[in-house]
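Contents: one structure, followed by commentary.
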Amino acid sequence: MRVIIVKNAEEVGKRAADLIEQEMKQHRNPVLGLATGSTPIPTYKELIRRCKKGKGMDFSTAITFNLDEYVGLPGTHDQSYRYFMNHQLFNHVNVNKKNTHVPNGMVRGMKAIQQSCDEYETMIDDVGGVDMQLLGIGGNGHIGFNEPGSSLGSMTRIKTLSLRTRKDNARFFKSMREVPRLAITMGIGTILKARKVVLLATGESKAQAVADSLEGPVSAMCPASALQLHRFATYVIDKGAASKLTLDTYEH
Ligand code: PGA
């Protein structure tokens with residue numbers, strides 16, 4: 001695995017934007033897997049800056065698939081991930097919104113939900129798969145909303161959020177009661193299908209999860225450890241997130 005350790009969150013954003021830009025230039029219709037959360041915001045800011053400067057950053061033919069969405073929040077809700085993506089990236093670059101996909105959290109009924117998840121997988125496959133998947137990592141090692149214990153072969157499906165994740169995300173809601181209990185998420189198997197994966201992590205609160213995922217065993221108890229099985233997985237992390245790593249072979 002390639003591990004790039006940089007000074008701070010801003011540098012993580014720049015290095016990640018470099019990787020995304022290089023990848024996009026290699027494809028007529030780049031297919032990007034995108035993530036929400038605080039961590040990728042500097043990356044999106046940098047992509048927007050490069051797009052506005054008109055220096056070759058072009059989203060006009062890009063196709064995007066987001067990792068996850070809360071169940072029960074419409075895209076107009078300011079905590080939905082559709083809303084996040086529109087406001088943090090899509091509204092500010094020349095992407096065709098019709099080509100941006102976020103799982104639908106408003107489908108009712110277990111059967112209909114699973115059908116819509118299966119359709120999400122089919123949509124990804126129909127455009128030839130994800131070229132580069134961007135990921136954050138939860139303090140508990142989750143990727144997407146694949147909480148500890150998730151099957152390493154899982155595909156897009158509904159998941160119950162762990163209490164830890166709900167607490168971590170409560171800062172964005174008025175009260176803990178409002179934090180959704182369920183989400184639709186790409187599975188670990190879906191993520192492993194992407195041709196390249198780039199995981200971002202910043203801050204000491206991620207240090208243990210980063211160390212477990214890179215230097216611990218492959219285990220469903222640390223979902224990000226499944227990336228050890230991927231051929232082209234890159235971590236771009238800051239010094240805080242790297243602070244519990246022990247090997248001396250990483251790029252600085
Ligand atoms: P964060 O979330 O970027 O807000 O820390 C990451 C995640 O939970 O995957």
Quiz prompt | Distant-in-sequence amide H partners of residue 6 (H built 1.01 Å from N, under 5 Å) | solution = 237, 238, 239
Quiz item: Using a 1.4 angstrom probe with every protein chain in place, what is the largest-first accessible-area order of 28, 157, 171?
Solution: 28, 171, 157
Quiz item: Taking springs between alpha-carbon atoms closer than 10 angstrom, which of 54, 139, 75 fluctuates most in the Gaussian network model of the chain?
Solution: 54
Quiz item: Which of 95, 130, 198 moves the most in a Gaussian network model of the chain with Cα springs under 10 Å?
Solution: 95
Practice problem: For the range 2-238, report the accessible area per residue in Å² (1.4 Å probe, heavy atoms, rounded to an integer). | Solution: 44 Å²
Quiz item: Quick one: if the Förster radius is 30 Å, what FRET efficiency do residue 49 and residue 97 give, using the C-beta to C-beta distance and rounding to 0.05?
Solution: 0.90
Quiz item: With every protein chain in place, what's the accessible area of residue 81 (1.4 Å probe, Å², nearest 10)?
Solution: 30 Å²
Exercise. Determine which aspartates and glutamates satisfy two conditions relative to residue 244: a Cα distance under 14 Å, and not lying fewer than 8 residues away in the same chain.
Key: 204, 212, 215
Quiz item: Using a 1.4 angstrom probe with every protein chain in place, what is the largest-first accessible-area order of 218, 31?
Solution: 218, 31
Quiz item: Stretch residue 218-residue 119 to full length: gain in nm at 0.36 nm per residue minus the Cα-Cα span?
Solution: 32.8 nm
Exercise. Could you check how much of the accessible area of the range 1-90 is carbon and sulfur, as a whole percent, using a 1.4 Å probe?
Key: 48 percent
Self-check item: Rounded to the nearest 20 debye, dipole of the chain from Cβ charges on Lys, Arg, Asp, Glu
Solution: 540 debye
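The values are calculated or read from the model by the stated rules, or taken from the named source; none is laboratory data. All values reported here derive from a predicted model rather than from experimental measurement. So basically every Cβ, Gly included, is an ideal-geometry build from the backbone, and we count neighbours across all protein chains shown. Keep in mind that these areas ignore ligands, DNA and RNA; they rest on the heavy atoms of the full protein, side chains included. Shrake-Rupley method; radii C 1.70, N 1.55, O 1.52, S 1.80 Å.
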